[in-house]
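Okay, so here's the structure we're looking at.
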Amino acid sequence: MPRKDHKGKVSGQLPYISDVKVENMVYGVLYRSTIAYGRIKSIQLPDLPEGYEAVGAEEIPGPNYVKIIKEDQPIFANEWVNYIGEPILMLVGADLNILYDLLEKVKIDIEEHQAIYTLEEAIKQKSAPGVTMASYEFGEILDTITSIELKAHQIIEEEYDTGYQEHVYLEPQGMLAIYKDDEIVVQGSMQCLYYIKNALINALACGDDDVRVVQSPTGGGFGGKEEFPSMMACHVAVAAKAVKKSVMLVFDRSEDMVVTTKRHPAKLRYRTALDRKGNILSMSVDLFLDAGANEGLSSVVLQRALLNSAGVYKIPHFHAKGYVLKTHTVPNGAFRGFGAPQSFAGIESHMCHLSNTANIDPLEYKRKYLVKQGDPTITKGNFRDPILMEEMIKDLLNTSNYKKKKTEFQQDNQQNQRYKKGIGTSLFLHGCGFTGSGERDHIKAKVKLVKSKDDQVSLKISNSDMGQGIFTTLSKIVAKELDLPYEEILFPYPDTKEVPDSGPTVASRTTMIVGKLLERAAKKLKSQWQTGVEQEVVENYVHREMIPWNEKTFTGDAYPAYSWGVNIVEVEVDTLTGNVKLEKVYANYDVGKVIDDRVMKGQIDGGLAQGLAYGYLEKMTSKEGKIQQKSISDYGPPTSLDVVSIESKIFDNPYADGPYGAKGAGELTLIGGAPAVQAAIEDALQTPFQQIPVTPEVIIDSLWMKEGEEG
Amino acid sequence: MAEKITAYRFDQLDQTLSQLNKENCAIIAGGTDVMVMYKSRRGVPPKIPKPIVFIDHLSELKRVYQKHKDLYIGACSTYSELLENPLIPGPLKKAIKTIAAPAIRNRGTLGGNVCNASPAGDTLPLLYVYNAKLLLRSVNGERIVAISDFIQGVRRIQRERNEIVAEIILPSVMEEGAHVVFEKVGNRNADAIAKVGFAGYIRLNGAVIEDARFAFGAVGPTMVRSVDIEKGLFGKTIPLADTDIAQVVGAFDKIIKPIDDQRSTAIYRKTVALNLLRYFLSMNQYQHNQ
Ligand SMILES: Cc1cc2nc3c(=O)[nH]c(=O)nc-3n(C[C@H](O)[C@H](O)[C@H](O)COP(=O)(O)OP(=O)(O)OC[C@H]3O[C@@H](n4cnc5c(N)ncnc54)[C@H](O)[C@@H]3O)c2cc1C
């Protein structure tokens, strides 16, 4: 069965936003701050030729902030700048060449203040005003932990760092505002139509009917097109209103890499009490996220990071505390996994190091602590559905020949001075959908199916196909329920004028939550079906009975359901260069039920490649507030020569509230990559690492230091 | 409106050379460096400040042949063409395979890599240890210059405005029977700019070293090579004594001065460069491989 979007994409015919031209269209280019932190004193514009105009904070009809959660992100900075690259104003006009020249001539005087450039600095200053943007704490009472620690055999403390990750969607960000007398239509590459619509209503101080948001073909998102496009949408819409023309804003790759959101760099501090045999008595985690210059979605990212801070384990006397800290760097935001990849990298690394202390194979050690059905979660919720982790582990041990490989590698490594082989594992889960009661209280998803007179059925939902395949999977669900051929189901690009708010395309929620609503809607339509008559059915979200989530105390069921995974990775490390070569990658997953095998395989291969690369390959750094890697080759996401073919298997474990039992799958596949690759490198070199990515530079430094100590 | 540009594409090398003699032009072979160098921001065509001369189609610049013991490689041979050619030594093919990806290898040329004179040019370490010479042509005739004299710094070459690099000559390469290695260290396996490049060359008579050459890329403004250090190894026997190895590595330690940049660190580059050298010197056997 061909994917719905196959033809247009494979033939190259599909127009993306940068291919679009409309009548009376001008381009916008942004003047960005060159200072990390400072107060704007004056703005001097060059003489603008006819047809060229500047648009800034004064042109915003509504309040000057991008509506996300907090009101801390200006659309155009007009008092303070908080990071290098922050938009101050936009120049619009017909010719990009002229616009770039004019941009060079804008003079903005900024009084520079002392910036916070790194997470380290922010942690030191976390009690200073404005530095801590959000903070949560939960779990075992600290006095109890103290008394356990007093009696413990030993206490292991580790500090672990995770780096930036850049989305590198194939299509850079782009947004077009089409100017009409009675409405502004914003069209572009996006994941969340109604986030954008709400931001526009706020920025333009207008009514619901005055703006309309239409998704254009979207070449990848990975979370990078979750909240960031709201700002670009405000830019083009404000400009379109001001100049009464349609305005196009498209980034080239380097602009996109330098100014758009990234995965939050994090620091995790573990403090674990062990008994004589290396059993865990208690564990505390402190987690710090680098938010960058404004809060954006960081508090929610922190929540997910904390909720996953104990991994897939039942740890006795567990305590967690987390902080979102401000730095004067490019804001960080949503990224596939949403805080969980940082936590899983950290906890898997820590568990592996604890197993070394206990002198037990890492996988054996981790299995002792695996949660089981009926166990409480770290927030006093409940793992109420069956958990297949043990089966999946056993199966993967067989497929990968783990035990044999482990001994073989150790022998081979004795012989081979230059190349060392290693094998590592990761165990992980992903909570599907929004945290806590978010789906019920905030999102309130609604879907619609429309049947035309000639009995054509169309999906009317606000979710984006950004390449992940929902055109195909959701159409399949509706086709099956209606007993219609899949080819006949229509799923047009969503337009807020046509579609109800079925929620954003994030949080591994689309198949499970929106898919379930569509299944129900299709059932309803079928029961009411009248041939040759226009019909419409609507379905609303129904919340699963759970232990109510309390955001203040951080207690209750954090998620309605969990997807699970096991990865085993083999690597070969070149000890002369520190280069890591992936040799084999194995993966087992429980995603409830697969709707389409090839779409799922796409998620597995892509998610794993991205997750593995997060662990050893992709490296982004910021120096005095400036992102250093401005091109794909400098940043180094994996190519087809870096990734090996991935042997994967899916275990059925149907979930009652997902369509045919389907749970979330999009983010899960990324999460296990980095910890497994780190574990494999550690196995090869018999050296622990305290950070990802474990780059060649990190490896050479560690090997060199080791030699230095011995010599 | 796009500005007008002048571009020449002559059928013959002679016409090309006489145009170059009349006018200061930008030479484009494959264009894979030129187009990047002059690229503008999105939506604006590249701004090349001079008239353009295309040379990639000139058959005089695309021949690969053997003359006596020497190998002549036309400057405009593309990487893809060279990979197909049986005369090209194995190590050079290995280096070419590490360059970019197929699309760029279909356009990029060996002459372009030399004339671009990037510290990270991947064919350069090998060309240095092969003692490559360049045959330059102009309306005034020909001249031959050693690659190490031709490349003077980052993107600085000793080319007169009216000259074209016509051929790259690898002297004696067809007969010598040396052992040559090439290693590129990049951040990934394709489309990567070298963090360190290394070429090693050794020729033995029995167990006695007759000739040894080493070149390092991406650790300085140009390739690092030292004939003085190399000479110290002539006449020594393999396997080399640890002290000899330490001496050579120590000598290079003093002259390799890499930098920190967005791709790697100075300390990494240096450590790895010396690791690769040490490894090459520590081999017990060297097989002829060209
Ligand atoms: C995506 C990408 C990846 C790349 N990856 C690599 C890589 O991995 N390793 C690597 O080494 N390089 C890489 N490059 C750089 C480039 O492809 C090579 O340097 C290539 O060899 C340049 O050849 P060209 O024919 O395209 O040169 P051009 O761009 O045509 O020319 C380069 C320079 O040399 C001059 N020139 C060219 N030929 C002659 C001649 N015969 N006589 C006089 N002057 C001449 C030109 O005027 C110009 O100054 C990459 C480039 C890109 C775009």
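The values are calculated or read from the model by the stated rules, or taken from the named source; none is laboratory data. Remember, predicted model here, so these are calculated numbers, not experimental data. Here the Cβ positions follow ideal geometry from the backbone for every residue, glycine too, while neighbour counts run over all protein chains shown. With ligands, DNA and RNA removed, areas are computed over all heavy atoms of the protein, side chains included. Shrake-Rupley method; radii C 1.70, N 1.55, O 1.52, S 1.80 Å.
Among the residues of the stretch B:157-197, those identified as in a loop (DSSP other than H, G, I, E, B), within 14 Å of the ligand (Cβ to nearest atom) and either within 14 Å of chain A (Cβ to nearest Cβ) or of a type in the set (Ser, Thr, Tyr) (or both) are B:Gly186, B:Asn187, B:Arg188, B:Asn189, B:Ala190, B:Asp191, B:Ala192, B:Ile193, B:Ala194, B:Lys195. With respect to (1) closer than 30 Å to A:Ile489 by Cα; (2) in contact with a strand residue (DSSP E or B) (Cβ under 6 Å, 6 or more places away or on another chain), the lone exception for A:Gly433 is condition (2). Got at least one residue in the stretch B:212-231 being among the polar types (S, T, N, Q), open to solvent by less than 60 Å² (accessible area, probe 1.4 Å) and within 16 Å of the ligand (Cβ to nearest atom)? Yes, there is a match, as at least one residue in the stretch B:212-231 is among the polar types (S, T, N, Q), open to solvent by less than 60 Å² (accessible area, probe 1.4 Å) and within 16 Å of the ligand (Cβ to nearest atom). Against the conditions (1) open to solvent by less than 10 Å² (accessible area, probe 1.4 Å); (2) within 14 Å of another protein chain (Cβ to nearest Cβ), A:Arg253 satisfies every one except (1). Does B:Ala29 qualify as being buried (at least 19 other Cβ atoms within 10 Å of the Cβ) and under 30 Å from B:His179 (Cα atoms)? So B:Ala29 does not fit the description; no.
Applying the selection to the stretch A:93-115, what residues are under 32 Å from the mean Cα position of the chain (by Cα) and either at pLDDT below 95 or not small (Gly, Ala, Ser) (or both)? First the steps, then the outcome.
Initial filter on the stretch A:93-115 (under 32 Å from the mean Cα position of the chain (by Cα)): A:113-115.
Result: A:His113, A:Gln114.
Looking only at the stretch B:70-100, how many residues end up being within 15 Å of the ligand (Cβ to nearest atom), of a type in the set (S, T, N, Q) and more than 14 Å from the chain's Cα centre (by Cα)? Residues in the stretch B:70-100 being within 15 Å of the ligand (Cβ to nearest atom), of a type in the set (S, T, N, Q) and more than 14 Å from the chain's Cα centre (by Cα): 1 in total.
When you look at A:Tyr164, is it within 14 Å of another protein chain (Cβ to nearest Cβ), among the hydroxyl-bearing types (Ser, Thr, Tyr) and either within 30 Å of A:Ala320 (Cβ to Cβ) or surrounded by 14 or more Cβ atoms within 10 Å (Cβ to Cβ) (or both), yes or no? The answer is yes for A:Tyr164.
Listed here are the residues, each with its yes/no results for (1) modelled with pLDDT of 95 or more; (2) among the acidic types (Asp, Glu); (3) in contact with a Gly (Cβ under 9 Å, 6 or more places away or on another chain).
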site	(1), (2), (3)
B:Tyr38	yes, no, no
B:Lys47	no, no, no
B:Ile55	yes, no, yes
B:Glu60	yes, yes, yes
B:Ser77	yes, no, yes
B:Glu84	yes, yes, no
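In the stretch A:209-216, the condition of being crowded, with 17+ Cβ neighbours inside 10 Å, modelled with pLDDT of 95 or more and over 30 Å from the mean Cα position of the chain (by Cα) is met by no residue. Annotation note: Cβ proximity below 7 Å between a residue of the stretch A:439-460 that is in the same structural domain as A:Pro494 (by TED's automatic domain parsing) and at pLDDT 95 or above and a residue that is among the polar types (S, T, N, Q) and assigned to a loop (DSSP other than H, G, I, E, B) (sequence gap 6+ or interchain) occurs for A:Ala445/A:Ser502; A:Lys446/A:Ser502; A:Val447/A:Ser502; A:Asp455/A:Thr531.
Contact annotation: residue pairs with Cβ atoms under 7 Å, 6 or more positions apart or on different chains, pairing a residue in the stretch B:31-48 that is more than 9 Å from every other protein chain (Cβ to nearest Cβ) with a partner that is polar (S, T, N, Q) and buried (at least 16 other Cβ atoms within 10 Å of the Cβ), are B:Asp33/B:Asn116.
Taking the stretch A:225-315 and the helices (runs of 4 or more DSSP H) fully enclosed by it, the elements with 1 or more residues that are in contact with a Ser or Thr (Cβ under 6 Å, 6 or more places away or on another chain), within 20 Å of A:Val168 (Cβ to Cβ) and not charged (D, E, K, R) are at A:228-243. Does the stretch A:610-618 contain at least one residue that is within 14 Å of another protein chain (Cβ to nearest Cβ), crowded, with 20+ Cβ neighbours inside 10 Å and of a type in the set (Asp, Glu)? Yes, that holds for at least one residue. Applying the condition of being within 14 Å of chain A (Cβ to nearest Cβ) and either touching a strand residue (DSSP E or B) at 6+ places or on another chain (Cβ under 8 Å) or modelled with pLDDT under 95 (or both) to the stretch B:105-156 and asking which residue is nearest to the ligand (Cβ to nearest atom) yields B:Asp122.
Every residue, every condition in (1) away from every other protein chain (no Cβ under 14 Å); (2) closer than 30 Å to B:Ser40 by Cα; (3) not aromatic (Phe, Trp, Tyr), yes or no:
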{"residue": "A:Val92", "(1), (2), (3)": "no, yes, yes"}
{"residue": "A:Leu96", "(1), (2), (3)": "no, yes, yes"}
{"residue": "A:Leu103", "(1), (2), (3)": "no, yes, yes"}
{"residue": "A:Val106", "(1), (2), (3)": "yes, yes, yes"}
{"residue": "A:Asp109", "(1), (2), (3)": "yes, yes, yes"}
{"residue": "A:Leu119", "(1), (2), (3)": "yes, no, yes"}
{"residue": "A:Ser127", "(1), (2), (3)": "yes, no, yes"}
{"residue": "A:Gly130", "(1), (2), (3)": "yes, no, yes"}
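Looking for something of a type outside the set (Ser, Thr, Tyr), open to solvent by less than 10 Å² (accessible area, probe 1.4 Å) and more than 14 Å from chain B (Cβ to nearest Cβ) - is there at least one such residue anywhere in the stretch A:630-653? Checked the stretch A:630-653: no residue is of a type outside the set (Ser, Thr, Tyr), open to solvent by less than 10 Å² (accessible area, probe 1.4 Å) and more than 14 Å from chain B (Cβ to nearest Cβ). Only a single item in (1) in a strand (DSSP E or B); (2) touching a Phe, Trp or Tyr at 6+ places or on another chain (Cβ under 8 Å); (3) farther than 19 Å from B:Thr32 by Cβ is not met by B:Ile229, and it is number (1). Can you confirm whether the stretch A:430-437 contains a residue that is modelled with pLDDT of 95 or more and among the polar types (S, T, N, Q)? No, every residue in the stretch A:430-437 fails to be modelled with pLDDT of 95 or more and among the polar types (S, T, N, Q).
Applying the condition of being open to solvent by 50 Å² or more (accessible area, probe 1.4 Å) and touching a residue at least 24 places away in the same chain (Cβ under 8 Å) to the stretch B:237-269 and asking which residue is farthest from the other protein chains (Cβ to nearest Cβ) yields B:Thr237. Filtered by the rule that a residue be touching a Phe, Trp or Tyr at 6+ places or on another chain (Cβ under 8 Å) and open to solvent by 40 Å² or more (accessible area, probe 1.4 Å), the stretch A:10-38 gives A:Asn24, A:Tyr37.
Among residues that are under 19 Å from A:Glu53 (Cβ atoms) and either among the acidic types (Asp, Glu) or open to solvent by 20 Å² or more (accessible area, probe 1.4 Å) (or both), A:Lys245 is included.
The residue list A:Val580, A:Val569, A:Val591 contains one member that is open to solvent by less than 10 Å² (accessible area, probe 1.4 Å), at pLDDT 95 or above and closer than 24 Å to A:Asp161 by Cβ, which is A:Val569. Criterion first (open to solvent by 20 Å² or more (accessible area, probe 1.4 Å) and within 12 Å of the ligand (Cβ to nearest atom)) does B:Val53 satisfy it? No. Number of residues in the stretch A:348-364 that are touching a helix residue (DSSP H, G or I) at 6+ places or on another chain (Cβ under 9 Å), part of a helix (DSSP H, G or I) and in contact (Cβ under 8 Å) with a residue 60 or more places away in the chain equals 10. For the stretch A:428-448, filtering for residues that are in contact with an Asp or Glu (Cβ under 7 Å, 6 or more places away or on another chain) and either in a strand (DSSP E or B) or open to solvent by 60 Å² or more (accessible area, probe 1.4 Å) (or both) leaves 4.
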